[in-house]
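Report on one structure; see the data block that follows.
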Amino acid sequence: MTVDASEDWRGNRIGILGGTFDPPHLGHTRMAVVARDALALDRVFFSPAPHPPHKSDAETTPYAHRRAMLELAIAGEARTAVTTIEESHATSYTVDLLHACRERTSADLYFILGADSLAELSTWRDPAEVMRLATLVVFPRGAETVRAPEGREASLVVFESPVVDVSSTEIRARLSQGEAAVDGLAPAVARYVAHHRLYARA
Ligand code: ATP
């Protein structure tokens, strides 16, 4: 295994927020900070998926840009970091991500996700193993009710707020219409997007 020495995996309680982050937005950072503080997490790692299972590479912004935007989105935020742990993974399955985390730490793992993702858990690769490896920390999204998979309530932490009504899809759509400052996008990320002409209409 290759371990990036700049990543600090010390601590007993580690949060992981996996996603596409195309681009990262306030919903992502807010969930991480709320979970970090409420659950006394030593660190929350954001793990951008190089090859999200449900999206083609052609429709996804290159990994290096998404990673760089994440770094900007969390700059100055305590006990948060970006991990490149998934960079070598051919497909970005959560179960593989969590196994890779387990190789680096024996800490309790908390996988942070939105209610929309939880609703799709049964379609993930090896959901039982995902729930064995980590406690799921679920945040509401839109009007979606957070419902624990049957018999799995014990490995779930459910937050009823905050609801941060923003999505990467909506932000991409607004950016492609030429909007520069979009709600839900950190100013430094907005500047990066403009500089690299990401999401501009072709
Ligand atoms: P897209 O619109 O492109 O699907 P997204 O906004 O859902 O993107 P992702 O990077 O796919 O962002 O999401 C990563 C994780 O963060 C997922 O678990 C998703 O449910 C969760 N998430 C994203 N935005 C929010 C939000 N506003 N509130 C709660 N959870 C969110």
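Bear in mind these aren't lab numbers, they're just calculated from the coordinates by the rules spelled out. Since the model is a prediction, treat every value here as computed from it, not as a measurement. Using ideal geometry, Cβ is built from the backbone for each residue, glycine included, and neighbour counts are taken over all protein chains shown.
List of remarks:
- Sites excluded, GluC sites (Glu not before Pro) in DSSP loops with at most 12 other C-beta within 10 Å, longest stretch of the chain: 1-119
- Looking at the chain, the DSSP beta bridges with both ends there are about 5 percent antiparallel.
- Computed over the range 48-180, Kirkwood Rh from alpha-carbon pairs, angstrom: 16.6
- Once the Cα atoms are used to define both axes, helix 63-74 deviates from the longest principal axis of the chain by about 80 degrees.
- Report summary: the helix-based calculation at 222 nm, which adds -39500 (n - 2.57) for every DSSP H run with n ≥ 4 and divides by the residues of the chain, gives -9500 deg cm²/dmol.
- Coil-residue trypsin sites (Lys or Arg not before Pro) of the range 116-202, DSSP, other Cβ within 10 Å capped at 12: R125, R197, R201
- Cβ-based net charge around A186, under 12 Å, with every Lys or Arg adding one and every Asp or Glu removing one: -1
- Relative contact order %, the range 90-191, counting alpha carbon pairs below 8 Å whose residues are six or more apart: 22
- Nearest-ten-degree value, helix 26-38 long axis tilted from longest Cα axis of the chain: 30
- For the chain, built as a Gaussian network whose Cα springs stay under 10 Å, the top-fluctuating residue of G151, G114, G184: G151
- Annotation: for a label point projected 7 angstrom from Cα along Cα→Cβ of T84, residues of the range 31-46 with backbone N closer than 18 Å are 45-46.
- Acute angle (nearest 10 degrees) that the helix 94-104 long axis makes with the longest principal axis of the chain, alpha-carbon atoms: 70
- Mean separation of Cα contacts under 8 Å, 6 or more apart, over the residue count of the range 34-104: relative contact order %: 41
- Mean separation of Cα contacts under 8 Å (6+ apart) over length of the chain, as relative contact order %: 23
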